[in-house]
Amino acid sequence: MEDVAALVIHARDLHRQSRWAEACDEFLRADHLEPLGVDDLELLAESAQILGRGDDAVRALERVYQARVGAGELDAAVTAGFWLWQASVLDGEFARAGGWAARVRQMVAEHPDAEDQGWLLITQAYGQVAAGEYEDAVGLARRAAELGARQGVVDLFAFATTICGRALLKAGRLEEGLGRMDEGMLSVTEGATSPRVTSMLYCSAIATCHEALELGRVREWGRSLDGWLNTLPPLHGAYFGNCRIYRSLLLRLQGSWQAAVEELADVCIDLAEGYGRRVVGHAYYHLGEMHRLLGDAAEAEDAYRRASEYGEPIQPGLALLRLAQGEVGTAVTGMRRALAEAQSDLDRCRLLPDLVTALLAAGEVDEAKRALDELVMVADRFPTAAMRAELASARAAVALAEGHAADALPLLRAAATTWREIDAPYETATVSVLIAAACRDLADEEAAVFELRSAAEVFARLGALPDLRRVEHLLAPGDGAHGLSAREMEVLRLVANGKTNHAIAAELFLSERTVDRHVSNIFDKLGVRSRTAAATYAIEHHLFVTGIL
């Protein structure tokens, strides 16, 4: 008969070495022979959760909870209840999660002399963030952080402080929110938090900064996360699957696109087959984004469909795919619907730049200007460098659509400088294409070609085939913009916006006869017979470079 005590000692040692798969198996073998004590059950539960073995983790945590309650160990019981709540949330079982939170609250209420419970406050703070009640969430998280600091519970302090920062940032208090996140993440990057908390807080912090386009911290914490993951054995499950999603975002930002695809594809397979349904939709969306950028339209559409099946929002990605396919109306409709559902300013900031792009492609300049006005208002609450660059590009795109290339160029130069400083090659290249469009509108063909060649080199290196094909078309010898002069491009832009020849003449200070001649020349050069056909041709062949497609 096996020596149970020896099995348990070995399992503990494996857990200390982060060899969680072996530790989990050893604990389960020992438990089958003789029920584990509560401390060893907690180690089993943690190992199982880290591995994504949700059923084993929940069974162990339920026993821990009952044992702690029976022994009158209130704080430890609440901690076990928190992890049961969190396990249910990760697997998309929100009713079950709510049931555990209610059970723990009732248990605490039966101890009238008990002080606030930090982990219970965190469950409430999560609920307030989800409901958009950010100030209430800040108050709850601050109380939890104070408890963690007073009790010397590093996991609780780091968790609560980071969630407080997320709520502050979502409330539009950018600098204060980033400060709290920096404070909470210090314990994480120093290695002071447990593996479960470490993985969750890396994901939460990187996700929050990614939403706000605070890409400096995305890069810094992404590198730290990558270094931590590289110290561990290959792991599966929701906790580390989510970490790997955010590692893929770092790879994408750095330009390692194929590596990002491989990481995401592996995570999708892993999570779709096991524990962590709430996370897998997120993975599929980002996989769709990578396929879209690489030009794999069918793969992108399949990934977006799978993301939607798991409840993950799929805009603006799907709309940008449709825009690249020439389905401009479908793209605009999708973006309008997504914006109508957006519940926070951060969500609107994420959608509005691409809505401007889609509306300009559809010739809806007035609506694009209204979307730009809203973007100006909401982006003012999140003045990160990348957000300012996005706003500058959107302003420039509208200026280009209205024929004001000279106004667009300073905005685009500033955006390009920002993206270079952030070391974001794809974003820098897309701005170069816009700069080329402005230069061509100003009849500076040499400068336009220089910008386009620079962008083409980047797109080729990244594997961004749709963008590369578009730039190669714009660089085609002797073709330019299908032989159209800068003035003819300006007229065509106004034709696409639905303007009559009379209105175009008034706007460009030309005679109506001159405009008639320009329109006739445009029809001849494009091989079309109507204004609608000319506008459709221009959109389908990307003659108006108004944003990232």
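Rule-based calculations on the coordinates, nothing more; no lab input. Predicted model, so just to flag it, every value in this text is computed and none were measured. With ideal geometry, Cβ positions are generated from the backbone for all residues, glycine too; neighbour counts draw on all protein chains shown.
Summary table
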| quantity | calculated |
| --- | --- |
| Three principal axis lengths of segment 184-271 [C-alpha, angstrom, descending] | 32, 28, 19 |
| Shape metrics for segment 1-69, restricted to C-alpha atoms - Rg then Dmax, Å | 10.9, 33 |
| Theoretical ellipticity at 222 nm over the chain - DSSP helices of four or more residues, -39500 (n - 2.57) apiece, nearest 500 | -25500 deg cm²/dmol |
| Angle between the chain longest axis and helix 531-540 axis [Cα atoms, degrees, rounded to 10] | 40 degrees |
| Cut-off 19 Å, label 7 Å out along Cα→Cβ of GLU62, residues of segment 68-96 by amide N | 68-71, 77-96 |
| Estimated Rh, segment 242-390: Kirkwood, alpha-carbon pairs, angstrom | 16.0 Å |
| Virtual spin-label span in nm between ALA71 and GLU146, 7 Å along Cα→Cβ | 3.0 nm |
| At most 12 other Cβ within 10 Å, DSSP loop - chymotrypsin sites (Phe, Trp or Tyr not before Pro), segment 423-513 | PHE509 |
| Dipole magnitude (debye, nearest 20) for segment 1-114, charges at Cβ of Lys, Arg, Asp, Glu | 380 debye |
| Per-residue Cβ neighbour rank within 10 angstrom, fewest leading, THR430, THR417, THR161 | THR417, THR430, THR161 |
| Percent of Cα-Cα distances greater than 18 Å, calculated over segment 315-366 | 21 percent |
| For segment 1-114, with +1 on Lys and Arg beta carbons and -1 on Asp and Glu, the positive-most of LEU36, GLY98, VAL108 along the dipole | GLY98 |
| Sorted largest first, extent of segment 481-549 alpha carbons per principal axis (Å) | 34, 24, 20 |
| Total charge dipole magnitude, segment 154-299, about the Cα centre, Cβ charges on Lys, Arg, Asp, Glu only, Debye to nearest 20 | 260 debye |
| Loop GluC sites (Glu not before Pro), segment 104-138 (other Cβ atoms within 10 Å of the site Cβ: 14 or fewer; DSSP) | GLU110, GLU115 |
| Neighbour net charge for LEU147 - beta-carbon separation under 15 angstrom, K R +1, D E -1 | -2 |
| Residue order, fewest to most surrounding Cβ atoms within 10 angstrom, among LEU271, LEU294, LEU90 | LEU294, LEU90, LEU271 |
| Angle in degrees between helix 465-474 and the longest Cα principal axis of the chain, rounded to the nearest 10 | 20 degrees |
| q = 0.11, 0.13, 0.17 Å⁻¹, segment 408-506: log10 I(q)/I(0) [Debye, one scatterer per Cα] | -0.37, -0.51, -0.80 |
| Angle between the chain longest axis and helix 405-422 axis [Cα atoms, degrees, rounded to 10] | 30 degrees |
| Net charge dipole size for the chain [Lys, Arg +1 and Asp, Glu -1 on Cβ; Debye, nearest 20] | 1280 debye |
| Loop sites in segment 141-196: GluC sites (Glu not before Pro), DSSP, at most 12 other Cβ within 10 Å | GLU190 |
